[in-house]
1. Among the numbered conditions (1) closer than 19 Å to residue 118 by Cβ; (2) in contact with a helix residue (DSSP H, G or I) (Cβ under 7 Å, 6 or more places away or on another chain), tell me where residue 77 comes up short.
2. Among the candidates 39, 48, which residue alone is within 23 Å of residue 113 (Cα to Cα) and touching a helix residue (DSSP H, G or I) at 6+ places or on another chain (Cβ under 7 Å)?
3. Please determine whether any residue of region 31-47 is modelled with pLDDT of 90 or more, out of contact with any strand residue (DSSP E or B) (no Cβ under 6 Å at 6 or more places or on another chain), part of a helix (DSSP H, G or I) and closer than 28 Å to residue 78 by Cα.
4. Suppose the filter is at pLDDT 90 or above, on the phi < 0 side of the Ramachandran plot, part of a helix (DSSP H, G or I) and surrounded by 15 or more Cβ atoms within 10 Å (Cβ to Cβ); does residue 15 pass it?
5. Could you check, for region 25-33, whether at least one of its residues is free of Cβ contacts under 8 Å to residues at least 60 places away in the same chain and over 25 Å from residue 107 (Cβ atoms)?
6. Inspect all residues belonging to region 94-114 and state whether any of them is within 18 Å of residue 1 (Cα to Cα) and touching a residue at least 40 places away in the same chain (Cβ under 8 Å).
């Protein structure tokens, strides 16, 4: 949370000056690297580092939300944003069950697979 608090507002202000997309990509990259960082954390210091990476997930959050709003037409903006979050929420709902099944195979497996999917998603964006 400390990392998130420290980067949220400055990143939003800088993104307004230089562009939003790089910050959104950094957010996606942080989402992808966080579960992998947890798996490789073999000491308390590395675990703290993993959570710093996790906190960096917020670096592009203001930009991502602004981009969602910007893409929506003015007269249906609220409905568009609501639909975006509905689709996003429904699409990730099975993740908990799938993660639980993968955990039964090996506890680190859901984290590694999440990281791989995240990296692929980041590269696609």
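1. Failed condition: (1).
2. Of 39, 48, the one residue that is within 23 Å of residue 113 (Cα to Cα) and touching a helix residue (DSSP H, G or I) at 6+ places or on another chain (Cβ under 7 Å) is 39.
3. Yes - at least one qualifying residue is present in region 31-47.
4. No; evaluated as a whole, the condition is false for this residue.
5. Looking through region 25-33, at least one residue is free of Cβ contacts under 8 Å to residues at least 60 places away in the same chain and over 25 Å from residue 107 (Cβ atoms).
6. Within region 94-114, not a single residue is within 18 Å of residue 1 (Cα to Cα) and touching a residue at least 40 places away in the same chain (Cβ under 8 Å).
Let's see how each residue does on (1) more than 26 Å from residue 19 (Cβ to Cβ); (2) in contact with a strand residue (DSSP E or B) (Cβ under 8 Å, 6 or more places away or on another chain); (3) at pLDDT below 90:
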position	(1), (2), (3)
62	no, no, yes
86	yes, no, no
103	yes, no, no
112	yes, no, no
118	no, no, no
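The values are calculated or read from the model by the stated rules, or taken from the named source; none is laboratory data. On a predicted model such as this, the values are computed, not experimentally measured, just so you know. In this analysis, Cβ positions are derived from the backbone assuming ideal geometry, glycine residues included, and neighbour counts consider all displayed protein chains.
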